[in-house]
1. What relative contact order, as a whole-number percentage, does the chain give when Cα pairs under 8 Å and 6 or more residues apart are counted?
2. So how tilted is helix 30-49 from the main axis of the chain? Cα-based, degrees 0 to 90, rounded to 10.
3. Size of the range 10-138 along its principal axes in angstrom, Cα-based, largest extent first?
4. In which sequence would 69, 99 go, from the one with the fewest C-beta neighbours within 10 Å to the one with the most?
5. Mind ranking 110-121, 30-41 by how tightly packed they are, going by the mean number of other C-beta atoms within 10 angstrom, highest first?
6. Working from Cα positions, state the angle (0 to 90°, nearest 10) between the long axis of helix 129-138 and the longest principal axis of the chain.
7. Would you please state the base-10 log of I(q)/I(0) at q = 0.14 1/Å for the range 31-81, with intensities from the Debye formula using one equal scatterer on every alpha carbon?
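Please treat every number below as a calculation from the coordinates, not as lab data. Since we're looking at a predicted model, the values are computed, not measured. Methodologically, a virtual Cβ is constructed for each residue, glycine included, from the backbone with ideal geometry; neighbour enumeration extends over all protein chains shown.
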Ligand SMILES: CC(C)(COP(=O)(O)OP(=O)(O)OC[C@H]1O[C@@H](n2cnc3c(N)ncnc32)[C@H](O)[C@@H]1OP(=O)(O)O)[C@@H](O)C(=O)NCCC(=O)NCCS
């Protein structure tokens with residue numbers, strides 16, 4: 001497929017664009033795309049850090065590159081860019097992929113920052129023994 005992704009991007013999720021996802025002009029509604037992007041990135045982050053109690057704090061560099069259309073199969077790929085104490089930044093790119101021809105069209109890119117919480121407060125998960133323990137178990 002064209003437009004090769006760096007290899008640290010991993011498949012996060014897929015969606016098919018349905019009639020209900022379209023805006024008045026017949027394109028994929030941007031708000032729906034952002035919700036899918038947030039969900040895909042959160043799934044990817046959960047898989048990579050072994051923790052799921054976090055909130056979205058910022059979405060940066062949102063770049064709608066091409067419209068989505070009814071029937072498009074949209075695939076989301078994501079990678080971790082950096083971790084702080086409680087925060088993690090991930091980059092996600094989505095493509096419309098034609099599995100018959102192998103063609104791929106980039107539709108959106110974005111960076112999302114999440115903040116880990118414990119008892120509803122920011123939690124320095126990436127400095128915690130909990131995270132160190134999770135990482136150690138991944139290499140066993
Ligand atoms: C996310 C939230 C808990 C952060 O609270 P806060 O008092 O600003 O927290 P802190 O100042 O202690 O910062 C915590 C971390 O968030 C990061 N952060 C805070 N605001 C940020 C922003 N706008 N962009 C990027 N990172 C940010 C800080 O850099 C810090 O990172 P680190 O621990 O890795 O160094 C709070 O802003 C919040 O609850 N926001 C609403 C979240 C929400 O409802 N999201 C939508 C649904 S998921």
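1. Details: 262 pairs, mean separation 38.3, N = 140.
Relative CO of the chain lands at 27 percent.
2. On a 0 to 90 degree scale, this one is about 40.
3. Here the spans come out as 48, 29, 22 Å, largest first.
4. Fewest-to-most ranking of 69, 99: 99, 69.
5. Working: 110-121: 16.8, 30-41: 18.7.
Ranked by mean Cβ neighbours within 10 Å, highest first: 30-41, 110-121.
6. Helix 129-138 sits roughly 60 degrees off the main axis of the chain.
7. Once normalised to I(0) and log-transformed, intensities are -0.42.
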